[in-house]
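Working notes, beginning with the structure itself.
Please treat every number below as a calculation from the coordinates, not as lab data. Predicted model only: the values in this text are computed from it and were never measured. Counting neighbours? That spans all protein chains shown, and the Cβs are built from the backbone with ideal geometry, glycine included.
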Amino acid sequence: MRVLAITNDYWHPGAVVHAGLEPLRAKGFEFDWIDDAADWSAEKMAGYPVVILSKSNNTSQADKTPWITPAVEQAFHDFVTQGGGLLVTHSGTVVKDTAILRPLLGGAFVQHPAQCPVVHEPKAGHPLTVGVVPFTAMDEHYHIVLEPDVTDVFLTTTSEHSSQPGGWTRTEGVGRVCVLTPGHNVEVWLEPSYQVLLVNALRWCAGAL
C-alpha cells in the first residue's frame, strides 16, 4: 500500500515520523512524503488510498507560515467523503480553531503539560487493538476535546495529569478517519505496540481491516 505522509512543522520535525514509519516498509507499506506544505495539493493527495496528517499549521519546520486555509480543509473533507482514508497523528490534531477539519477529525488538541511518562491502554476486543498491549512511554500528553459524535475510542492515554482519549475512529461519507494522539518522540513511534497500532490504523483507513 502506498501512503502519502504530510509531516514536518515548527515543533515536530518530519524526521521523527520518517523514522517511525520506516519499519512499516517491511509490512508492505510504501511512503511518499510532503515535508513542506508548498508541495501539497488536493490533486496530489487524491492519488492515494490513505493519507497521514502529522503536521500542525506551519508550512515547514523552518517556515511558521500557516498553510491550512478553508480550501485546504475542504480538500481533506472531500478526500475522505469520496472514499479516502485519513490517519491523523499527534500534531495533526492541532485543529481546534478550524471549521471543517475539527469535525472531520472528531476532536482536537487543547494543550499538553511538560513531557512525562504516559500509559497507553488499548481497548480490549477492538479491531484496531489486536496484537497491542499496554505500554508506557515518555511523551507530550495531549489533552483532547472530542466532538459529541465520537464514540469509538479504542486507546486511552493516562499520566499524572489526567486520562485522555488517545485513539478513535469515525467515518465521513464513504471514507474513514483514524486519530492517534501519541508521537512527539521517535521512541513512541518505535514502541512495538505503537507500530502494531499504526499498521492496524492504516489498514482500517484503507478498508482492509
Restricting to segment 170-187, and then to whatever is surrounded by fewer than 22 Cβ atoms within 10 Å (Cβ to Cβ) and among the β-branched types (Val, Ile, Thr), can you tell me which residue is farthest from residue 110 (Cα to Cα)? 174
Candidates 177, 153, 145 - the one that is more than 14 Å from residue 27 (Cβ to Cβ), touching a Ser or Thr at 6+ places or on another chain (Cβ under 8 Å) and either part of a strand (DSSP E or B) or without any contact (Cβ under 8 Å) to a residue 24 or more places away in the chain (or both): 177
If you take the residues in segment 158-170 that are over 15 Å from the mean Cα position of the chain (by Cα) and of a type outside the set (Gly, Ala, Ser), which one is farthest from residue 75 (Cα to Cα)? 160
Being touching a strand residue (DSSP E or B) at 6+ places or on another chain (Cβ under 9 Å) and either closer than 27 Å to residue 200 by Cβ or hydrophobic (A, V, I, L, M, F, W, C) (or both), is that true of even one residue in segment 62-72? no
Failed condition for residue 209, given (1) touching a Lys or Arg at 6+ places or on another chain (Cβ under 7 Å); (2) assigned to a strand (DSSP E or B); (3) not aromatic (Phe, Trp, Tyr), with all others met? (2)
Members of segment 30-51 found to be part of a loop (DSSP other than H, G, I, E, B) and exposed (fewer than 14 other Cβ atoms within 10 Å of the Cβ), listed by number: 41, 47
How many residues of segment 7-29 are of a type in the set (Asp, Glu) and not in a loop (DSSP other than H, G, I, E, B)? The answer is 1
What are the pairs, 6+ residues apart or on separate chains, where a residue within segment 1-22 that is touching a residue at least 24 places away in the same chain (Cβ under 8 Å) has its Cβ under 7 Å from a residue that is basic (Lys, Arg) and crowded, with 20+ Cβ neighbours inside 10 Å? 6/55; 7/55; 8/55; 9/55
